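Read the structure below first, then the notes.
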Amino acid sequence: MSLSLPNADLFSLLLWLGCWLGYLWFAHVRAQSRASLLSTLRTYRKLWLRNTLERDNRIADASLVHNLMQSATFFSSTTLLIMGGLLAFLGASEKNLDLLSSLPFAKQQTESLLEIKVLVMLLIFVHAFLRFTWSVRQFNVVCIFIGAFPNDENRMQDPAALDMAERAGNLAGYAGEHFTQGLRSYYYALPVMLWFINPLLFVLASVTITLVVYFMEFHSSTVAALVPREK
């Protein structure tokens, strides 16, 4: 398999990668001056774990963490299935090349180029799988924190207990951040699907998905509902 790419495909691939990594940096910087979905939820997660410390019965809190773990586990399992499908696609690249060539707006390509595109998709979902599974493990640790919270009456005046709640809240925030990174992998896999047809569609989709993700995470009605209103 030749690793060389035509200029149009190389440009579109670099632009897509720049959109993904650039948005990752931009979202981190932008969240310091404007509320985002991720930063706002991190605040609520820390508040949740602090309130958990106050409760004597924490069954409901453990159930909530379990529900969050189920979401990450579902995406982990789905990602494995997608990776298996991509490996099967890679094994029949010659037949799939004929199929793709018959699609509207399809650009002629070589079998080697098609295999490179499949490998890029595989790397995306490997990244997603690692993010989701790490999120599951972090939520597991949050459950352990909840089980380790003290139940004595003076726990809200105990610096060690308050520090434990703070660390549990931070860990829940990290778990949510890794889950978000896994979802972004899915978002940025969508433009790559169009790369199989035409590099121009790949470029347009990369820019479009970046704008869509930015709107959802910074300007959506969900973010507006999470931000407390000024009195």
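Annotations
- Estimated FRET transfer efficiency (VAL207, SER33; beta-carbon r; R0 22 Å; 0.05): 0.40
- Loop-resident sites, the range 103-179, for chymotrypsin sites (Phe, Trp or Tyr not before Pro), counting at most 15 other Cβ within 10 Å (DSSP): PHE105
- ALA225/HIS66 FRET efficiency (R0 25 Å; Cβ-Cβ; nearest 0.05): 0.50
- Between 0 and 90°, nearest 10: helix 199-214 axis offset from the chain longest Cα axis: 10 degrees
- Ellipsoid fit via the Cα gyration tensor, the range 102-178: semi-axes of 49, 10, 8 Å, each the root of five times an eigenvalue, largest first.
- Calculated log₁₀ intensity ratio I(q)/I(0) where the Debye formula runs over C-alpha points of the range 52-196, q = 0.20 Å⁻¹: -1.10
- Annotated for the chain: lysine pairs at least 8 residues apart or interchain, Cα distance under 27 Å, count 4.
- Other residues within the sphere of radius under 15 Å centred on the Cβ of ARG55, judged by their own Cβ, net out at -2 (K and R +1, D and E -1).
Read-outs: derived from the displayed coordinates by stated rules, not from any lab. On a predicted model such as this, the values are computed, not experimentally measured, just so you know. Methodologically, a virtual Cβ is constructed for each residue, glycine included, from the backbone with ideal geometry; neighbour enumeration extends over all protein chains shown.
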